[in-house]
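Written below as structure tokens is the structure these notes are about.
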Amino acid sequence: MIIFEARNVSKQYGSTLALNNLSISVPKQSIYGLLGPNGAGKTTLIRIINQITGPDSGELLLEGRKLRQDDIYEIGYLPEERGLYKKMKVGEQALYFARLKGISKAEAMKRLRYWFKKLEMTDWWNKKVEELSKGMAQKVQFVTTVLHEPKLIILDEPFTGFDPVNASIIKNEILFLRDRGATILLSTHDMASVEELCDNITLIDHGMSMLEGKVDEIRRAWAGNEYSVTFEGNIRVPENGNFQILHTDNEDNKTTVKIKCLKDISTNEILSELMKSGNIIAFNPALPSMNDIFIRVVKSKSGMPVN
Amino acid sequence: MKVMSKISVIIEREYITRVRKKSFIIMTILAPVLLALFIVVPSLIMMNQDTEMKKIAVVEDGTDLFKNAIPNIKNTEFVYLGNVKLEEIKNNFEQAGYYGILYISPEVIHVPEAVQLISRKQPPILLLEHIENSLEKEIERQKLLSYKIENLDEIMKNVRTRVSVQTIKIDESGNVKETSTGVAMVLAYITSFVMYFLVFVFGAQVMRGVIEEKTSRVVEVIISSVKPIQLMMGKIIGLALVGLTQFLIWIILTFAIITAVKSALIPEQKITEAVQSIPQDIMSQNAAAAMQTTTVTTTEPVQASEFIKIFNSALNQPWGLIIFCFIYYFITGYLLYASVFAAVGSAVDNETDTQQFMLPITLPVILGLFVAMSTMQNPESSMAFWFSIIPFTSPIVMMARIPFGVPLWEIALSMFLMAVTFIIFVWMSAKIYRTGILMYGKKSSWKEIWKWLTYKG
């Protein structure tokens, strides 16, 4: 089921076209990655979803119907530029944001106690934000983002500023929130976390969608005719006219080679040729990292797999 | 959740965080204390001066023209030394216990400067006035005597007259009201000053608040929960309440302190004199008390009737109209300026960048205050008329004019123009604000702001 959909959304700022006929659809209870180089239009899209600005044209649908003004209570938003009132106390501030999202004081207090305990922030309640470190303030802001239990959580670069320990705590919370039923729209440049967390992605460049789909499928598609083959023992695999060895790795009495097919032949044929060289224990398409795909898409200005 | 309850959450935050600030608490308490000191200390000093008994020797070089011509006044005794020459006492009057010597030369009848007061210290101005008045009267009397008119004393009694112009305002239907220009001036001064204070000081605070939210990037989180216009209005209203709270506390505290000091230190009779030194403006409410300034020098029964007159006049002010206009001009004027301030705050990245936009805003406010001050001298001038019609200055200038009486059509026109201008400006400011708060690092200029005004949605 699709929880959120943007259809042919365009937005122009002066002479720059920030979004050009962009469409995305986010399945319910999934983690959706919004990728793209700086200035691609991600923040504009996020602001449009948050109704901070309106699109010039196009449609936005939440749960199949048009996005309404009071749908903002169903959305939680962590902006890239974190912002808290520096002179205000942590607890008061969290309470204030919760009340702006329409939660009663008593209910907000209950939920804040739960989250502050869970993320080990209880001591911070009476501290001013300016007394906190950047990572601590980030945690506070993360809590305020999810406190009203939104259906759709939008996180813009949620991991920057966190040490590895806290980053993994936040990753676990994101997975926890998804399992509890929320849908997460994640904008990030950290491709490792995209592979780790995201079910689907859209890659935006120049306001257009360049690449869209399930992370696994994209990686498989971009694998093209490259394979990773592991043999028993330390051996040398000879090249032939059908494939080329890109890379050989001897380790733990195993040999892993990355090959690239030069002709359009079936995997069985390659396998039978490879079997001559030794005992095969693994044969996989060589999945490119999201990082590679990102760079290749942005450089080639095309979302088609190129080899 | 309803729009209003969200604005009220914002108002609550703006109000509480500001009212709890140390600087607010200090200013709120300190200002009335200083004000009270400013009022009480001079009167205490005056009292202390008065307790010193002065003896002044009156010397005439034996002509005996002005024997007992100068009556004693409080704390000052005039001792007539008929047989003493000036030279004899000139250098030793202090040892003899005199504050000074008043030397009256016989030529005084023709030469006004032929009187000298010799003393070690600078004599108080009131003492000099008393001497001059007494001598003038005595010389007049002696000159009249030289005409040898019969029953002169009786004639003089009959002739003595006192005039006090009673100002009566009459409206078209012929209703007559006693008024006092003094009361009108005090009222005009207070209302226009409060207006200026609230509009300017708290309008500027709105701007600072907007800049704070923009630079700390809180604004993006908030406007994902509320509309920018709600945030802007919440801030503007919250600050208006802070301003009104502060003003109210100032008035109450000032009165409390003055009343306490008055009852503790100053005996009843002297308070009327002390009041003289009060700058009329501040001690607002009690217009009647401040107005005694004009009456202190007159005699007792006159003072009482004067008091009643002022009291009547204060009652006769068109209070309903004044209060209505004050509320109307305060709301529209404050909203107009505060929203423009908010727009400026949203357009810049930090406070130093506000310079280029500040002058066009502060100019009309300051101009308004100047015109309001001169309006009190001449409420009918065409300058007063135009500045009370033109929005931007009308809230301040019109409030200064109303106590003197303004034709209803002028008020209606001024209010109408104000309403139109305020709606246009709040609308434009909201548009600039909405775009400006999310713009970073762009050099904001008038041209850029004009572009923001034309953005859609």
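The values are calculated or read from the model by the stated rules, or taken from the named source; none is laboratory data. Computed from a predicted structure; not experimentally measured. Glycine also receives a Cβ, built like all others from the backbone with ideal geometry; neighbour counts cover every protein chain displayed.
Take the residues in segment A:138-192 that are assigned to a strand (DSSP E or B) and of a type in the set (S, T, N, Q), then tell me which one is farthest from the chain's Cα centre (by Cα). That would be A:Thr183. Residues that are within 12 Å of another protein chain (Cβ to nearest Cβ) and not in a helix (DSSP H, G or I) within segment A:32-57 comprise A:Asn50, A:Gln51, A:Ile52, A:Thr53, A:Gly54, A:Pro55, A:Asp56, A:Ser57, listed in sequence order.
Among the residues here, B:Ala184 qualifies as away from every other protein chain (no Cβ under 14 Å) and modelled with pLDDT under 75. Taken over segment B:44-74, the residue count meeting the criterion of being of a type outside the set (Asp, Glu) and either part of a strand (DSSP E or B) or modelled with pLDDT of 75 or more (or both) is 16. If you go through segment A:193-224, how many residues are surrounded by fewer than 17 Cβ atoms within 10 Å (Cβ to Cβ), in a strand (DSSP E or B) and touching a residue at least 60 places away in the same chain (Cβ under 8 Å)? Number satisfying all stated conditions: 1. When each of A:Leu17, A:Leu67, A:Leu34 is tested for being in the same structural domain as A:Thr202 (by TED's automatic domain parsing) and at pLDDT 90 or above, the lone residue that passes is A:Leu34. The set of residues from segment A:104-114 being among the charged types (D, E, K, R) and either buried (at least 23 other Cβ atoms within 10 Å of the Cβ) or within 13 Å of another protein chain (Cβ to nearest Cβ) (or both) comprises A:Lys105, A:Glu107. Got at least one residue in segment B:225-248 being closer than 20 Å to B:Ile25 by Cα, crowded, with 16+ Cβ neighbours inside 10 Å, of a type in the set (S, T, N, Q) and out of contact with any strand residue (DSSP E or B) (no Cβ under 9 Å at 6 or more places or on another chain)? Yes, the conditions are met somewhere in segment B:225-248.
Restricted to segment B:344-457, the set of helices (runs of 4 or more DSSP H) holding at least 2 residues that are touching a Gly at 6+ places or on another chain (Cβ under 6 Å) and more than 25 Å from B:Ile211 (Cβ to Cβ) comprises B:394-401.
Yes or no, residue by residue, for (1) more than 16 Å from B:Val221 (Cβ to Cβ); (2) surrounded by fewer than 20 Cβ atoms within 10 Å (Cβ to Cβ):
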| site | (1), (2) |
| --- | --- |
| A:Glu80 | no, yes |
| A:Gly102 | no, yes |
| A:Phe116 | yes, no |
| A:Leu119 | yes, yes |
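For the criterion of being surrounded by 22 or more Cβ atoms within 10 Å (Cβ to Cβ), away from every other protein chain (no Cβ under 14 Å) and either on the phi < 0 side of the Ramachandran plot or not β-branched (Val, Ile, Thr) (or both), A:Val26 passes. Looking at A:Leu100, A:Leu61, A:Leu84, just one residue is of a type in the set (A, V, I, L, M) and touching a strand residue (DSSP E or B) at 6+ places or on another chain (Cβ under 8 Å), and that residue is A:Leu61. Residue check: is A:Ala6 surrounded by 22 or more Cβ atoms within 10 Å (Cβ to Cβ) and outside any strand (DSSP E or B)? No: the conditions fail for A:Ala6. State whether one or more residues within segment B:110-124 are part of a helix (DSSP H, G or I) and either touching a residue at least 60 places away in the same chain (Cβ under 8 Å) or on the phi < 0 side of the Ramachandran plot (or both). Checking segment B:110-124: not a single residue is part of a helix (DSSP H, G or I) and either touching a residue at least 60 places away in the same chain (Cβ under 8 Å) or on the phi < 0 side of the Ramachandran plot (or both). A:Ile281 falls short on exactly one of the conditions (1) among the β-branched types (Val, Ile, Thr); (2) out of contact with any helix residue (DSSP H, G or I) (no Cβ under 9 Å at 6 or more places or on another chain); (3) outside any strand (DSSP E or B), and that condition is (3). Of the residues making up segment B:202-233, those that are farther than 18 Å from B:Gln355 by Cβ, aliphatic (A, V, I, L, M) and in contact with a helix residue (DSSP H, G or I) (Cβ under 7 Å, 6 or more places away or on another chain) are B:Val219, B:Val221, B:Ile222, B:Ile223, B:Val226, B:Ile229, B:Leu231, B:Met232, B:Met233. Regarding A:Val129, is this residue within 11 Å of chain B (Cβ to nearest Cβ) and over 25 Å from A:Gln51 (Cα atoms)? Taking the combined requirement at face value, the residue satisfies it. Please work out which residue is nearest to the other protein chains (Cβ to nearest Cβ), limiting yourself to segment B:221-245 and to residues that are in a helix (DSSP H, G or I) and at pLDDT below 85. Going through the qualifying residues, I end up with B:Gly243. Within segment A:67-103, the set of residues being within 10 Å of another protein chain (Cβ to nearest Cβ), in a loop (DSSP other than H, G, I, E, B) and of a type outside the set (Phe, Trp, Tyr) comprises A:Pro79, A:Glu80, A:Glu81, A:Arg82, A:Gly83, A:Leu84, A:Lys86, A:Lys87, A:Met88, A:Lys101, A:Gly102, A:Ile103. For segment B:56-87, name all the residues that are surrounded by 20 or more Cβ atoms within 10 Å (Cβ to Cβ) and in contact (Cβ under 8 Å) with a residue 40 or more places away in the chain. Once the filter is applied, which keeps residues that are surrounded by 20 or more Cβ atoms within 10 Å (Cβ to Cβ) and in contact (Cβ under 8 Å) with a residue 40 or more places away in the chain, segment B:56-87 yields B:Ile56, B:Ala57, B:Val58, B:Val59, B:Glu60, B:Phe66, B:Ile70, B:Thr76.
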